Amino acid sequence: MICDEIEAFAEVLGPMQAIAGLDLGTRTIGVAVSDRLRQVATPLETIKRRKFGLDAARLLEISDAREIGGFVLGLPRNMDGSEGPRCQSTRAFARNLARLTDLPITFWDERLSTVAAERALLEADTSRARRAEVIDHVAAGFILQGALDRLRHLSP
């Protein structure tokens, strides 16, 4: 089930379930997960993209192992808010993933998430090689944390 709005996503989430955040790139998928209380996003891993079936299988393995209740995909809007080819690719990925799982899927505006992740890694004095290894799942953490903060404000 794809929820275009985070409010609809919040309504279908089960209680006390973690959420996974995804930063979809052309060569990698950054993955972050939340705690069950949905307070904190933690970068988990970067999946090297191969074929959709293999990528989706790894995501579903993670969701089973971590008892994930839904997916938040970073939506790479243009700086003016419009949607370009990368957004279309992300939406297509979501449609394909929705065919394989009943977990709800939503989108979160990821503008500047990679910039924020890069800045955080630079402030932590992370080497260039290490930054290249972890940037995608750190960016997924920023995407997921943004969605978690919004979900927290939706709760009564």
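The values are calculated or read from the model by the stated rules, or taken from the named source; none is laboratory data. As the structure is a computational prediction, the values presented were derived from the model and not from experiment. Cβ: placed from backbone, ideal geometry, glycine included. Neighbour counts: every protein chain shown.
When residues of the range 5-34 are filtered for being more than 14 Å from the chain's Cα centre (by Cα) and either of a type outside the set (A, V, I, L, M) or part of a helix (DSSP H, G or I) (or both), how many remain?
Total meeting the criteria: 11.
Out of all the residues in the range 95-111, which are surrounded by fewer than 20 Cβ atoms within 10 Å (Cβ to Cβ) and touching a residue at least 12 places away in the same chain (Cβ under 8 Å)? First the steps, then the outcome.
Filtering the range 95-111 for residues surrounded by fewer than 20 Cβ atoms within 10 Å (Cβ to Cβ) gives 95-96, 98-102, 109, 111.
Correct list: 95, 96, 98, 100, 101, 102, 109, 111.
So residue 79 passes all but one of these: (1) within 19 Å of residue 139 (Cβ to Cβ); (2) in contact with a strand residue (DSSP E or B) (Cβ under 8 Å, 6 or more places away or on another chain). Which condition number does it fail?
(2)
Pick out the one residue from 77, 66 that is touching a Cys at 6+ places or on another chain (Cβ under 7 Å) and in contact (Cβ under 8 Å) with a residue 12 or more places away in the chain. So that I can check it myself, show each step before the final result.
Values: 66 fails: touching a Cys at 6+ places or on another chain (Cβ under 7 Å).
None of the others qualify; the one that does is 77.
Considering each residue of the range 35-67, count those that are under 13 Å from residue 141 (Cβ atoms), part of a loop (DSSP other than H, G, I, E, B) and of a type in the set (D, E, K, R), and give that number.
1
Look at the range 5-59 and say how many of its residues are acidic (Asp, Glu) and within 14 Å of residue 93 (Cα to Cα).
2
Quick check, is residue 145 assigned to a helix (DSSP H, G or I), under 16 Å from residue 34 (Cα atoms) and at pLDDT 85 or above?
Yes; evaluated as a whole, the condition is true for this residue.
Of all residues being hydrophobic (A, V, I, L, M, F, W, C) and touching a His at 6+ places or on another chain (Cβ under 8 Å) in the range 25-67, which is surrounded by the fewest Cβ atoms within 10 Å (Cβ to Cβ)? Just the residue, please.
44
Testing residue 96 on (1) touching a Phe, Trp or Tyr at 6+ places or on another chain (Cβ under 7 Å); (2) closer than 18 Å to residue 144 by Cβ; (3) not in a loop (DSSP other than H, G, I, E, B), one condition comes back false. Which one is that?
(2)
For the range 7-24, what are the residues that are under 20 Å from residue 77 (Cβ atoms) and crowded, with 17+ Cβ neighbours inside 10 Å? Lay out the reasoning, then the answer.
Going through the range 7-24, the residues under 20 Å from residue 77 (Cβ atoms) turn out to be 7-9, 21-24.
Correct list: 9, 21, 22, 23, 24.
Going through the range 35-75 one residue at a time, which ones are among the aliphatic types (A, V, I, L, M) and more than 14 Å from the chain's Cα centre (by Cα)?
37, 54, 57, 65, listed by residue number.
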